[in-house]
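Have a look at the structure below, then the notes.
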Amino acid sequence: MARELRIGIIGGGPGGLALAQGLKKAGLHPVVFEKKRARSDYVQGFRLRVRERGLAALRALLPAALFQAVLDTAGRAPSESRRFDESFWPLDGRRGPDPAADDTLIELSLSRITLRQVLLTGLDDIVVYGSAFSHYTENSDGSVTAHFDNCEPATFDVLVGADGVNSRLRVQLLPTAKIIDTGARRFAGKVTFAEAERAGLARVLQDYNVHIEPSGGRTLMVTSHRVDPAKFAAHGLIGRNDPTHAGLAGRHFDNTASYVWWNIAFWRDEIAGDATLEALDGRGLLDLLLRHNADWHPELLKLIEITDPSTVAALKVRSSVQVPPWPTRRVTLLGDAIHSMTYFRALGANSAIYDAGLLAPALARVAAGASLIETLATYEAAMIAHGFAAVTVSLAAMQRALGAREIAA
Ligand SMILES: Cc1cc2nc3c(=O)[nH]c(=O)nc-3n(C[C@H](O)[C@H](O)[C@H](O)COP(=O)(O)OP(=O)(O)OC[C@H]3O[C@@H](n4cnc5c(N)ncnc54)[C@H](O)[C@@H]3O)c2cc1C
């Protein structure tokens, strides 16, 4: 008979929630502490590319009906690519094979909002919102107590830090672990299909993955995410607008509209200094890009011109640095909390969910009698190996895209 294993999870992002789902499916009763009820950080308004490793883990972690909801509510992204120069002149049709291709065969375009709704389904009595973790203490009986800024402490047999790139749990457990600013600055924005149609935007920019590759400039990537609200209906709230986003300005968190979106990255100071970028709002950033690319074909500039300013921001691209293995304790980590990476190659959330797919069955084995420390040590070895391999791959992809540059650690 399984003994009750007290499991605390700090952070209700894709990694922490996928872990909670997997533990629940295994008959365990974790508690997730999430500091925010509404997830309204900028990237939450976009889709995630979820690939084989993430999908396989989700299939294992979720009840069948919820995994079906993931599949049914996935957005449709174009399957074919086209390349053009800045004069909108076709380059040789398709992009060549990716030299670093890994699990690119299967992937879905998942709205982050919808995925969160799916992952929260059935977790009402598991997620404690508004609880901001501050630190942990290790007790003489081996248990671990989590402390919060704004609620009572709670004691567990194992505590998992799934609290993202600024993880407080990591800072305490691994104080020398580093997060670096890679020096890349990434801009992105969305145009609803309705607006694209109204403006008569070229069909190719709506129907294909398009790479605009200017001679001597930065590549603008354009793709789209088409949703079918009718499919959401079968799954209740899932896929609709999230009530926690009501009242937020602009259409960025509109989860029911299909959209074309683009992104482009520069090195720091290449287009403007950080102080300038930070002072500009969405419209100001669009105007900056229009000025910077003023010699581009008008149809390409139109895409930037008609972009909804509420969907535009400049992000500093950060990455973690490989940490040597550490002595395993009853406190562990997953996802961005330990191996955050650049967005190039779209592996961050996939890796976080993959970690959850390793950790949930591991903890179920502990509940069935396996040694906690030995089992966590095996998990951590596998998690570090695949997580930091993804960090390396994504950093190399960024340097291929922007040109190699030494990155200060
Ligand atoms: C521009 C961009 C594009 C990306 N595109 C992709 C993509 O297409 N595919 C992909 O796989 N990945 C992508 N990623 C990476 C992906 O967003 C992350 O890797 C993923 O969100 C990590 O999930 P996580 O659960 O580990 O952490 P997070 O998503 O960061 O979740 C952490 C959670 O912990 C909570 N939290 C933080 N601190 C505390 C605290 N003290 N107490 C309580 N709760 C706390 C936060 O509120 C949050 O809900 C992209 C990233 C960026 C920046």
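I'd like the full set of residues that are within 13 Å of the ligand (Cβ to nearest atom) and of a type in the set (A, V, I, L, M), limited to the range 26-60.
Val31, Val32, Ala38, Val43, Leu48, Val50, Leu55, Ala57, Leu58 - these are the residues of the range 26-60 that are within 13 Å of the ligand (Cβ to nearest atom) and of a type in the set (A, V, I, L, M).
So which of Gly183, Gly217 is under 30 Å from Ala272 (Cα atoms), at pLDDT below 95 and surrounded by 14 or more Cβ atoms within 10 Å (Cβ to Cβ)?
Answer to the selection: Gly217.
Among residues belonging to the range 139-153 that are at pLDDT 95 or above and within 12 Å of the ligand (Cβ to nearest atom), point out the one that is farthest from Ile7 (Cα to Cα).
Asp149
Give the residues of the range 1-25 that are part of a loop (DSSP other than H, G, I, E, B), more than 7 Å from the ligand (Cβ to nearest atom) and not charged (D, E, K, R), sorted by residue number.
Met1, Ala2, Leu5
Can you tell me which residue within the range 390-409, out of those that are in contact with a helix residue (DSSP H, G or I) (Cβ under 9 Å, 6 or more places away or on another chain) and part of a helix (DSSP H, G or I), is farthest from Pro327 (Cα to Cα)?
Applying the filter and picking the extreme gives Ser394.
Can you tell me which residue in the range 271-299 is surrounded by the fewest Cβ atoms within 10 Å (Cβ to Cβ), limited to those that are over 20 Å from His211 (Cα atoms) and in contact (Cβ under 8 Å) with a residue 40 or more places away in the chain?
The residue in question is Asp274.
Among the residues of the range 343-371, which ones are among the β-branched types (Val, Ile, Thr) and within 17 Å of Val50 (Cβ to Cβ)?
The one that is among the β-branched types (Val, Ile, Thr) and within 17 Å of Val50 (Cβ to Cβ): Ile353.
Out of the residues in the range 322-357 that are small (Gly, Ala, Ser) and near the ligand (Cβ under 8 Å from one of its atoms), state the one that is surrounded by the fewest Cβ atoms within 10 Å (Cβ to Cβ).
Ala346
Within the range 38-81, which residues are of a type in the set (Phe, Trp, Tyr) and in a loop (DSSP other than H, G, I, E, B)?
Of everything in the range 38-81, just one residue is of a type in the set (Phe, Trp, Tyr) and in a loop (DSSP other than H, G, I, E, B), namely Phe46.
Among the numbered criteria (1) assigned to a loop (DSSP other than H, G, I, E, B); (2) buried (at least 20 other Cβ atoms within 10 Å of the Cβ), which single criterion is violated by Trp262?
(1)
Can you name the number of the only condition in (1) in the same structural domain as Gln44 (by TED's automatic domain parsing); (2) not in a helix (DSSP H, G or I) that Ile373 fails?
If we test Ile373 against (1) in the same structural domain as Gln44 (by TED's automatic domain parsing); (2) not in a helix (DSSP H, G or I), just (2) comes out false.
Restricting attention to the range 246-259, does a residue exist that is surrounded by 21 or more Cβ atoms within 10 Å (Cβ to Cβ) and hydrophobic (A, V, I, L, M, F, W, C)?
yes
The values are calculated or read from the model by the stated rules, or taken from the named source; none is laboratory data. These figures come from a predicted structure and were not determined experimentally. Every residue, glycine among them, receives a Cβ derived from its backbone with ideal geometry; neighbour counts consider all protein chains shown.
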